[in-house]
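The values are calculated or read from the model by the stated rules, or taken from the named source; none is laboratory data. Keep in mind that this is a model prediction, so the values were computed, not measured. Virtual Cβ from ideal backbone geometry, glycine too; neighbours counted across all protein chains shown. Accessible surface is based on the protein model in full, side chains and every heavy atom, while ligands, DNA and RNA are left aside. Shrake-Rupley method; radii C 1.70, N 1.55, O 1.52, S 1.80 Å.
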Amino acid sequence: MRSRERYELVFVDTTAPDPGAEDVVVVHRTDTSGAGGHPVYVDDTGIVRAEISDRAEVRMIASGGHQVHAAAVSARPMP
């Protein structure tokens, strides 16, 4: 099965005053695979990197030192 080309990564800060607040970053598929064998997706800056499975399971990948990723990240497929 061919992987999707783009996803929205949705970051939710569970400690934010507004419980419905979320940050959304659009990522696109690269030719690289992650440790789990799934495609790696990046944003236009190359800073946000994630391995996303065919079931939209997300594993964030550090692109630099001292990065701390949000615990609540989900992927929404884009057309």
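Sorting Glu51, Glu57 on solvent-accessible area from highest to lowest, probe radius 1.4 Å, gives Glu57, Glu51. For the chain, modelled as a Gaussian network with Cα springs under 10 Å, which listed residue fluctuates most, Val12, Val68, Val58? Its mean-square fluctuation being the largest, the pick is Val68. Over the chain, Cα pairs under 8 Å with separation of 6+ residues give a relative contact order of 32 percent.
Surface composition of the chain: carbon plus sulfur atoms hold 51% of the accessible area, using a 1.4 angstrom probe and ignoring ligands, DNA and RNA. Counting Lys and Arg as +1 and Asp and Glu as -1 over every other residue whose Cβ lies under 13 Å from the Cβ of Val12, the net charge comes to -4.
Please state the shape class of segment 22-79: rounded when a/c is under 1.5, otherwise prolate if a/b exceeds b/c and oblate if not, all from the C-alpha gyration tensor. Rounded, since a/c falls under 1.5. Dipole magnitude for the chain: about 320 debye, using +1 per Lys or Arg Cβ and -1 per Asp or Glu Cβ, origin at the Cα centre.
Rolling a 1.4 Å probe across the protein heavy atoms gives the chain an accessible surface of 66 Å² per residue.
Here's the picture: charge each Lys and Arg Cβ at +1 and each Asp and Glu Cβ at -1 in the chain, and of His28, Ser3, Pro79 the one pushed furthest to the positive end of that dipole is Ser3.
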